[in-house]
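Here's the structure, in structure tokens; my notes come after.
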Amino acid sequence: MNQQPICELADLAAAVPDGAQLVVPSDNCGVAMAATRELLRRGVSGLHLVCVPTSGLQAEILIGAGAIATLETSAVTLGEFGPAHRFIDALKNARVRMLDATCPAVHAALQAGQKGLPFIPLRGLIGSDLLSSRADWKVIDNPFSPGDPIVLLPAINPDIALFHAPLADRAGNVYIGRWRELLTMAHASKQTFVTVEAISERDLFEDAKLAPGVVPAIYISRIALASQGAWPIGLPGHYGADETAISRYVQSAKTEEGFRRFVDEWLGETTTANA
Amino acid sequence: MNPSFSRAELLVAVIARLLEGCRHVVVGASSPIPGAAALLQSELGRGALRVTILGSRRYNAFTNGGVETFDLAAQGRIDAFFLGGGQIDGQGNINLVGTGAYPANDVRWPGCFGSGYLYYLVPKVILFREEHTRRVLVPKVDFISAPGVSAPRVYRPGGPCGLLTGLAWFSFNKRTQRFRLESVHPEHSVEEIRDQTGFEFDCPAEVPFTRAPAPEILALIRGRIREQIAETYPRFASTFAN
């Protein structure tokens, strides 16, 4: 908890140390893209990125920039926009350590983390190459009902959770609505950094309709104002994805040089959205 | 013969029939045809089938975040789900990771998503892949994201009920661990299926054509279903029907 959580975007990015285990949400619930660009500006490196449970452009760009040492995710996908070229290239050339997962495994491991448990069991997985690829996942026999093999996953307690949300208040409460994985991420992580569209002068708990969708300030370390902070990804209920920008990215990122040019141009822009 | 319906319309009608009797179907990301089919079956059954489409606002009544799909599956509250794969083999194993040796695959796909869990827990998993070629339907997948069958002691209430492609419908027999060719789509042949399928499958002496959608079904698809699916898949809705 930080009594003065509200800070500038650059200060938020500067507080993410190289080598941190960083947990981020999927494209449909608030991706902190303005903060991601700020991380690239400061040349962040060696991150262990955990995606809940998948990622798109955010992981792709961090990988392309060489910021990721370890990638833990159930998928990296740009959907109908085309292949995630930098992700594919990095795996082919063994530039990142890949920890493939399945969606409920990421959720469950964070749930173990939020409860302070060392591990959590999960159904499924047995007999797959996915399980064989994960030396950190174990199979035990159900101690309550022998003859029932079940997978155990170690808890995930990230150093920092990072996401974008519609609204915060001065005390550091953050409104997330029904995207409850953001709450789990905040519970499981040592610190939570959030960018927001707006900062309310009113205590979010004063509104009974907002209160159930709030991450309380006790979990929040830093909040920075970032209008259109998910751009070019959308923020559900607020704005959609910028399809032109994402398509242009996918075209550019086919080559390493194209990617570099695109990112240089992107980071050079003083305003991002509506530019 | 020039059928009066598109391939997408045929597939929507086939999947809707497969969903008869289900109470709740969940449709994953990037799945416009299964989404339209689920909505069609819901209309035909006058709402007896509850439809959840991930990525939709209108057809998603979850309040517990991304984990809710998986918890519902564990509770037995999802009867049907759809999975695809860059590769699918004759034992129902699916590969969503890539070809060649892992992890520096020759071709890398996005990743396993929820397959390593939902394939085990959802009773009726419909494998759906429009491309029907030896590239996709292989003798043995290069990476098992999720296996088609499990050892008897492994907890597995779910699994594949069959495989629908742009050319045919196969049922899956868990006991023999093999697919059986049940029908060939209009304008295609058993010979073509054999040519384009990389794994062995059971094939009866007489294989019927896949039943064409009735005119009233086509009218429903082109009317109400097209409107409903447009909320999640506007581009698909404007192009898929004849």
Inter-residue pairs, beta-carbon under 6 Å, first over 13 Å from B:His132 (Cβ atoms) and part of a strand (DSSP E or B) and in segment B:189-210, second modelled with pLDDT under 95 and not aromatic (Phe, Trp, Tyr), 6+ apart: none
The listed residue being surrounded by fewer than 24 Cβ atoms within 10 Å (Cβ to Cβ), away from chain B (no Cβ under 13 Å) and closer than 22 Å to A:Ala165 by Cα, out of A:Leu62, A:Leu78, A:Leu49, A:Leu40: A:Leu40
Subset of segment B:94-134 (residues that are surrounded by fewer than 21 Cβ atoms within 10 Å (Cβ to Cβ), free of Cβ contacts under 8 Å to residues at least 60 places away in the same chain and out of contact with any Cys (no Cβ under 9 Å at 6 or more places or on another chain)): B:Thr99, B:Gly100, B:Ala101, B:Tyr102, B:Pro103, B:Ala104, B:Asn105, B:Asp106, B:Val107, B:Arg129, B:Glu131
Enumeration of residues in segment A:107-135 that are more than 9 Å from chain B (Cβ to nearest Cβ) and within 22 Å of B:Asn105 (Cβ to Cβ): A:Arg134, A:Ala135
Among the residues listed as B:Arg226, B:Arg222, B:Arg175, the single one being farther than 21 Å from B:Ile33 by Cβ and either surrounded by 13 or more Cβ atoms within 10 Å (Cβ to Cβ) or without any contact (Cβ under 8 Å) to a residue 12 or more places away in the chain (or both): B:Arg175
Segment B:53-80: number of residues that are in contact with a Phe, Trp or Tyr (Cβ under 6 Å, 6 or more places away or on another chain) and away from chain A (no Cβ under 11 Å): 1
Count - residues of segment B:138-172 that are farther than 23 Å from B:Ala13 by Cα and either among the charged types (D, E, K, R) or away from chain A (no Cβ under 14 Å) (or both): 6
Residue satisfying condition, being among the aliphatic types (A, V, I, L, M), free of Cβ contacts under 8 Å to residues at least 12 places away in the same chain and either assigned by TED's automatic domain parsing to the domain that holds A:Trp137 or not in a loop (DSSP other than H, G, I, E, B) (or both), within set A:Leu71, A:Leu91, A:Leu99, A:Leu49: A:Leu91
Residue match in segment B:66-85 (condition: within 28 Å of A:Ala241 (Cα to Cα) and β-branched (Val, Ile, Thr)): yes
Cβ pairs under 7 Å, 6+ apart, first in segment A:10-30 and farther than 26 Å from B:Gly66 by Cα, second surrounded by 19 or more Cβ atoms within 10 Å (Cβ to Cβ) and among the charged types (D, E, K, R): A:Ala10/A:Glu38; A:Leu12/A:Arg222; A:Ala13/A:Glu38; A:Ala15/A:Arg222
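The values are calculated or read from the model by the stated rules, or taken from the named source; none is laboratory data. Worth saying up front: this structure is predicted, and the values here are computed from it rather than measured. Using ideal geometry, Cβ is built from the backbone for each residue, glycine included, and neighbour counts are taken over all protein chains shown.
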